[in-house]
Amino acid sequence: GAFENGRLHDGRVALRIRAGLAFGSPISRSDGDLFGMTVIEAGRLCDAASPGTALASASVAAASARPLAFHARLDLKGFDVAVEAYSVESVH
């Protein structure tokens, strides 16, 4: 994920993390780095997420133990068709 920061009135830093989640089988290199369409999809969803939010792919929504709300169909670079994105809500 990526983050943006800003200072609170007391000087602490507030992080507004955004994330993208995709489910699949990435390809692993010998150095442990991962790549492939699953990794690209997660990265593109992260790029599309607003600060403080997380977006998940349809495969994550289907595998999730709890329902995820449909967010939008997104035209993501590198994908021939629009990708369904779902909002991930925090659990407290």
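The values are calculated or read from the model by the stated rules, or taken from the named source; none is laboratory data. In this text the structure is predicted, and so the values were computed from the model without any measurement. Glycine also receives a Cβ, built like all others from the backbone with ideal geometry; neighbour counts cover every protein chain displayed. Side chains are part of the model used for accessible areas, which takes the heavy atoms of the whole protein and leaves out ligands, DNA and RNA. Shrake-Rupley method; radii C 1.70, N 1.55, O 1.52, S 1.80 Å.
Accessible surface area normalised per residue over the chain is 70 Å², counting heavy atoms of protein chains with a 1.4 Å rolling probe. Let's test the formula: R0 of 41 Å, r as the Cβ-Cβ distance of A62 and A14. What FRET efficiency results, to the nearest 0.05? With R0 = 41 Å, the Cβ-Cβ based efficiency is 0.80. Using bins of 10 Å that start at zero, the share of Cα-Cα pairs per bin across the chain amounts to 17, 41, 29, 12, 2, in whole %. Picking from L34, L45, L21, which is most flexible by a Gaussian network model of the chain using Cα springs under 10 Å? Fluctuation is largest for L34.
For helix 37-48, report the angle its Cα long axis makes with the longest principal axis of the Cα atoms of the chain; keep it between 0 and 90° and round to the nearest 10°. The two axes meet at around 30 degrees. Of the accessible area of the chain, computed with a 1.4 Å probe over protein heavy atoms only, carbon and sulfur atoms account for 54 percent. Label reach from F23 (point 7 Å along Cα→C-beta): in the range 44-82, amide nitrogens under 18 Å belong to 45-46, 54-72. For D31, the accessible area of its heavy atoms, probed at 1.4 Å with every protein chain present, is near 110 square angstrom. Report the residue, chosen from G43, G24, G11, that carries the largest GNM mean-square fluctuation when the chain is represented by alpha-carbon nodes joined by springs under 10 Å. Looking only at G43, G24, G11, the largest GNM fluctuation is found for G11.
Our note on the geometry: Cα centres of the range 63-92 and the range 23-59, 12 Å apart.
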